[in-house]
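Participant: Structure in structure tokens, see below.
The values are calculated or read from the model by the stated rules, or taken from the named source; none is laboratory data. In this text the structure is predicted, and so the values were computed from the model without any measurement. We place every Cβ from the backbone using ideal geometry, glycine too, and count neighbours over all the protein chains shown.
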Amino acid sequence: MAVSVAAGEVSARELLSASMARIDATDARVNAFTDRTVTRAEREADAVDAQCARWRQHGNPADKPGPLAGVPYAVKNLFDIEGVVTLAGSKVNRSHAPATADAVLVTQMQRAGAVLVGGLNMDEYAYGFTTENSHYGPCHNPHDLACISGGSSGGSGTAVAAGQVPITLGSDTNGSIRVPASLCGVWGLKPTFGRLSRRGTYPFVYSIDHLGPMASSLDGLALAYDALQNPDPLDPGCHALRVQPVLGTMADVGSLRIGVLGGYFHDHATPAARDVVALAAQTLGAQTEVAWPDAGLARAAAFIITASEGGSLHLNDLRTRAADFEPLSVDRFIAGALQPVDWYLRAQRFRRGYRDKVNALFEHWDVLLCAATPCAAPVIGTEWLDINGTQQPSRAAMGLLTQPISFAGCPVVAAPMWPGSTNGMPIAVQVIAAPWREDLAFRAATMLDRAGVAGIKPVNL
Amino acid sequence: MTPSNDLPIADYVKSTAAVLGLPLDAAQTARVAVYLQRTAAMAAVIQAVELPLDEELVEIFCPAAFPVMYDGRNEL
């Protein structure tokens with residue numbers, strides 16, 4: 001798309017018009033967008049077209065089009081957009097002043113030539129895996145409108161799956177990029193914890209929050225990820241010291257040491273989820289089952305830290321405006337605020353030893369595989385899920401397989417796959433690498449992409 | 001688990017909510033207690049893990065980035 005814009009084969013304005021028309025035609029049914037930034041998008045598209053025209057005419061290096069020239073994209077509405085109120089999925093934030101500047105990652109996308117078309121629906125304050133938002137309505141899965149899109153970046157997954165935009169940005173604390181990528185059948189990346197700047201986004205859990213892209217193609221995911229990288233010393237949670245692009249490394253699909261996670265990750269996956277993991281493993285030649293250390297403990301610790309930090313962050317509003325909170329999560333926020341401090345401190349101390357065990361595992365493996373969600377998307381409003389004979393609360397269970405991974409900070413590419421037993425609904429495979437080795441996850445994902453076993457499918461909307 | 005103010009943890013919810021200035025009615029106290037009871041089960045699992053003394057949280061705080069240039073005393 002960007003190459004065509006740079007070459008003058010299509011204009012950024014034309015791509016924008018097509019995106020806007022698709023949003024107009026489909027959003028009443030899928031409910032992905034909460035804000036549209038039409039004027040800004042037109043301004044950005046015109047600037048890209050003018051830049052590309054100058055480049056073609058004069059070849060001045062200063063006018064060289066960015067890698068995402070003219071590509072429409074949208075962001076979860078916890079990203080600051082200058083002049084727009086950062087809702088973070090809430091009613092409470094409606095009374096906040098509009099953002100005075102863009103989030104750092106929005107600035108990075110603009111520098112790369114991308115065109116921002118709006119803000120996207122999400123679970124309130126990112127505390128959920130389903131995007132059943134009572135204030136703005138639920139997101140509807142483009143592959144089956146009766147089903148959830150996953151969350152909390154549900155609008156981000158929905159917009160890509162519905163063909164509204166080819167790239168979106170989301171956040172992932174416990175699975176909030178990987179779960180909607182899985183349930184909507186799109187590519188998703190949760191980078192290493194500390195890889196991308198979080199400045200200018202509404203926080204959820206300071207010590208676990210990640211940001212990342214979702215896309216309709218693996219190349220698009222890599223382009224966006226490379227464009228987003230820019231070490232930020234002003235974000236205390238940004239630990240990256242240099243940019244490490246992946247795009248030029250993906251073609252090297254040589255031998256990788258690839259294992260399949262068993263135990264906890266097998267036990268909490270339904271047969272359909274196990275099927276896609278088996279297909280990915282077969283495609284990649286992975287035969288060895290690997291035990292991930294302390295997965296159940298890690299999920300418990302992540303759960304405790306999430307509840308405690310989330311409850312503390314919103315304590316003032318919970319005191320005075322609890323009735324304005326999302327009914328599906330307000331009691332969890334309050335329970336988190338009341339947790340004994342010993343629970344939180346022990347969970348954080350546990351995390352350090354856990355990290356060391358996980359990193360030691362990657363001395364023997366380049367990439368590990370497991371499902372991203374226990375099952376395909378359930379119907380909106382589902383309260384309980386049967387996972388291999390065990391009843392699990394639906395809204396929490398969607399993160400069973402993602403939480404232990406993000407708690408260790410490992411990068412994950414969510415590769416969309418299509419089981420034969422889910423009536424056409426997708427489930428993603430998590431392609432997991434050691435911290436700072438996104439390149440290895442992308443290489444394995446490229447093998448799945450090229451083999452034709454992972455990728456998006458069109459929707460009938 | 002059905003919301004109930006008979007849960008032992010419901011008393012804890014009432015008292016800590018009062019300390020934090022969180023106004024909860026009986027129904028909400030019961031619902032919050034259900035969630036906190038679930039988390040308590042998870043916390044019990046973590047409590048059972050023996051943590052070495054050196055598994056500490058000092059990484060949360062750093063007074064300033066370590067200097068990488070000459071600081072007037074040493075070549076760093």
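Participant: State whether one or more residues within the range A:101-111 are in contact with a helix residue (DSSP H, G or I) (Cβ under 6 Å, 6 or more places away or on another chain) and surrounded by 24 or more Cβ atoms within 10 Å (Cβ to Cβ).
Facilitator: So far as the range A:101-111 goes, yes, one or more of its residues are in contact with a helix residue (DSSP H, G or I) (Cβ under 6 Å, 6 or more places away or on another chain) and surrounded by 24 or more Cβ atoms within 10 Å (Cβ to Cβ).
Participant: Residue A:333 versus (1) under 25 Å from the mean Cα position of the chain (by Cα); (2) within 13 Å of chain B (Cβ to nearest Cβ); (3) assigned to a loop (DSSP other than H, G, I, E, B): which is the lone unmet condition?
Facilitator: Answer for residue A:333: the failing condition is (3).
Participant: Out of A:83, A:66, which single residue is on the phi > 0 side of the Ramachandran plot and not aliphatic (A, V, I, L, M)?
Facilitator: Answer to the selection: A:83.
Participant: Return the total of residues in the range B:25-51 being under 15 Å from residue A:311 (Cα atoms) and facing chain A (nearest Cβ under 7 Å).
Facilitator: Of the residues in the range B:25-51, 4 are under 15 Å from residue A:311 (Cα atoms) and facing chain A (nearest Cβ under 7 Å).
Participant: Something else: Determine the pairs where a residue that is on the phi > 0 side of the Ramachandran plot, located within the range A:378-390, has a partner that is surrounded by 11 or more Cβ atoms within 10 Å (Cβ to Cβ) and not acidic (Asp, Glu) with Cβ atoms under 7 Å apart, the partner being 6 or more residues away or on another chain.
Facilitator: A:388/A:270
Participant: Which one of the conditions (1) in contact with a Phe, Trp or Tyr (Cβ under 8 Å, 6 or more places away or on another chain); (2) at pLDDT 95 or above; (3) surrounded by fewer than 24 Cβ atoms within 10 Å (Cβ to Cβ); (4) not aromatic (Phe, Trp, Tyr) does residue A:189 fail to meet, given that it meets all the rest?
Facilitator: (3)
Residues are listed down the side, and each one gets a yes or a no for (1) modelled with pLDDT of 95 or more; (2) farther than 30 Å from residue A:137 by Cα:
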{"position": "A:3", "(1), (2)": "no, yes"}
{"position": "A:13", "(1), (2)": "yes, yes"}
{"position": "A:19", "(1), (2)": "yes, no"}
{"position": "A:28", "(1), (2)": "yes, no"}
{"position": "A:31", "(1), (2)": "yes, no"}
{"position": "A:34", "(1), (2)": "yes, no"}
{"position": "A:37", "(1), (2)": "yes, no"}
{"position": "A:60", "(1), (2)": "no, yes"}
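Participant: Something else now. When the range A:283-307 is examined, which residues are found to be over 30 Å from residue A:453 (Cα atoms) and within 9 Å of chain B (Cβ to nearest Cβ)?
Facilitator: Result: A:294, A:297, A:300, A:301, A:303, A:304, A:307.
Participant: If a residue counts only when it is at pLDDT 95 or above, among the hydrophobic types (A, V, I, L, M, F, W, C) and closer than 23 Å to residue A:187 by Cβ, which strands (runs of 3 or more DSSP E) contained entirely in the range A:345-415 have at least 3 such residues?
Facilitator: In the range A:345-415, A:367-371 are the strands (runs of 3 or more DSSP E) which contain 3 or more residues that are at pLDDT 95 or above, among the hydrophobic types (A, V, I, L, M, F, W, C) and closer than 23 Å to residue A:187 by Cβ.
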